[in-house]
Amino acid sequence: MNKRANVSFGTYPETALAEAREKRAEARKLLTSAIAPKEHRNDKAAEQKKLLSNTFELVAANRYKLKAKKVTAETDQRI
């Protein structure tokens with residue numbers, strides 16, 4: 001389907017006019033390549049979220065939650 005989608009580049013005080021024009025130019029380049037700018041932005045955000053969810057701290061915390069059920073209280077205190 002060729003449904004039109006509106007894309008926002010930010011609100012005025014936070015986004016300068018020149019910056020909004022640059023973002024518009026990038027969106028137009030994506031459109032000439034048959035890529036929907038809104039979907040492209042959402043895909044990039046999801047990819048970034050996935051990268052940030054794979055930190056050592058989060059992986060270690062998840063492993064600790066899994067192992068906490070199987071260890072004794074004494075071992076849990078040492079960890």
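The values are calculated or read from the model by the stated rules, or taken from the named source; none is laboratory data. For clarity, every value in this text was computed on a predicted model and none was experimentally measured. Note that each Cβ is placed from the backbone with ideal geometry, even for glycine, and that neighbours are counted across all protein chains shown. Side chains included, ligands, DNA and RNA excluded: accessible areas come from the protein's heavy atoms. Shrake-Rupley method; radii C 1.70, N 1.55, O 1.52, S 1.80 Å.
The table below lists the values:
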item	result
Per residue value of the accessible surface for the chain (all protein chains in place, 1.4 Å probe), Å²	99
Cα shape, region 1-54, gyration tensor, a/c 1.5 rule	oblate
Pairwise FRET efficiency - A5 versus K29, Cβ, R0 = 25 Å, nearest 0.05	0.95
Residue-level accessible surface for T55, protein heavy atoms, 1.4 Å, Å²	50
Neighbour cut-off at most 13 other Cβ (10 Å), DSSP loop, trypsin sites (Lys or Arg not before Pro), the chain	K3, R4, K69, K70
Rounded percent of accessible protein surface that carbon and sulfur make up, region 8-69, 1.4 Å probe	58
